[in-house]
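Asks: One structure coming up, written as structure tokens, with questions to follow.
The values are calculated or read from the model by the stated rules, or taken from the named source; none is laboratory data. What you see is a predicted model; the values in this text were computed from it and never measured. Positions of Cβ are generated from backbone atoms using ideal geometry, with glycine treated the same way; all protein chains shown enter the neighbour counts.
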Amino acid sequence: MSKLEFLNLIHQWGVDRNIIGTGGTVQGQLYKLFEEFGELSKALAKKDKAGIVDGIGDVAVVAVMIAGLLGTEVQKLVDDSHYWERLEHTHSEMSSSLAWISRAALEGNPEIIRYFENLFEELSQLANQEGLTFEACLEAAWNEIKDRKGIMFNGVFVKESDERYPEIMAELGRS
């Protein structure tokens, strides 16, 4: 499958689980984005190839959730026409893109599309530097999440496998 096809599947998954909709919040997803970036950073530091695949895919998944919450079409996330520079992207540049996405999301800045484009290009470059493809990372992420079930809580999706899930269900009055 193509990058766009995987991103569309991931977007629909977010809609089906109400992450993209009334259940998710931009703030909650931004927290999740930085959590996933931390896990990717850890995998890079340890040269953990499986963790890198997982991390790239997970950062992309959460970025799709944020974009969806902001009403951004998936096609625009990968539309390279606005990305005017071809640089060797590094981990620090990706960190900068995440900071710009966070700020733009909270401020309602329409330039956020460009920052998403940058992030997806940087994820793709990182995958290539690690001898991977972005599509393979997206496929791994999709295979991990496609059957996942859970509930929205405080703007974040909590998996059924989360140790706090029973406690959260009780708090919501759903035993």
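Asks: If you go through the range 115-146, how many residues are of a type in the set (Val, Ile, Thr) and either touching an Asp or Glu at 6+ places or on another chain (Cβ under 8 Å) or farther than 12 Å from Val53 by Cα (or both)?
Replies: Adding up the residues that qualify gives 1.
Asks: Looking only at residues that are modelled with pLDDT under 95 and surrounded by fewer than 18 Cβ atoms within 10 Å (Cβ to Cβ) in the range 47-71, which one is farthest from Ile101 (Cα to Cα)?
Replies: Only one residue tops the list, namely Lys47.
Asks: Look at Phe134 and say whether it is within 20 Å of Leu98 (Cα to Cα) and among the hydrophobic types (A, V, I, L, M, F, W, C).
Replies: When the stated conditions are applied, Phe134 passes them.
Asks: When you go through Glu121, Glu163 one by one, which is the residue that is out of contact with any Cys (no Cβ under 6 Å at 6 or more places or on another chain) and surrounded by 17 or more Cβ atoms within 10 Å (Cβ to Cβ)?
Replies: Going through Glu121, Glu163 in turn, just one is out of contact with any Cys (no Cβ under 6 Å at 6 or more places or on another chain) and surrounded by 17 or more Cβ atoms within 10 Å (Cβ to Cβ): Glu121.
Asks: Checking the condition in contact with a Gly (Cβ under 7 Å, 6 or more places away or on another chain), at pLDDT 90 or above and closer than 27 Å to Arg17 by Cα, which residue from Ala141, Ala105, Ala136 passes?
Replies: Ala141
Asks: Suppose we filter the range 72-102 for residues that are within 23 Å of Glu5 (Cα to Cα), at pLDDT 50 or above and of a type in the set (Phe, Trp, Tyr); how many remain?
Replies: Residues meeting the conditions: 0.
Asks: Among (1) among the aromatic types (Phe, Trp, Tyr); (2) in a helix (DSSP H, G or I); (3) closer than 18 Å to Phe37 by Cβ; (4) in contact (Cβ under 8 Å) with a residue 60 or more places away in the chain, where does Phe157 come up short?
Replies: Result: Phe157 passes all but (2).
Asks: From the list Val53, Val62, Val26, Val15, pick out the single residue that is farther than 13 Å from Ala127 by Cα and in contact with an Asp or Glu (Cβ under 9 Å, 6 or more places away or on another chain).
Replies: Sole residue among the options that is farther than 13 Å from Ala127 by Cα and in contact with an Asp or Glu (Cβ under 9 Å, 6 or more places away or on another chain): Val62.
Asks: When you check Gly173 against the structure, is it in a loop (DSSP other than H, G, I, E, B), small (Gly, Ala, Ser), modelled with pLDDT of 85 or more and over 25 Å from Asn18 (Cβ atoms), yes or no?
Replies: No: the conditions fail for Gly173.
Asks: Continuing with the same structure: If Glu139 satisfies all but one of (1) within 15 Å of the chain's Cα centre (by Cα); (2) without any contact (Cβ under 8 Å) to a residue 40 or more places away in the chain, what's the number of the condition it fails?
Replies: With (1) within 15 Å of the chain's Cα centre (by Cα); (2) without any contact (Cβ under 8 Å) to a residue 40 or more places away in the chain applied to Glu139, the lone miss is (2).
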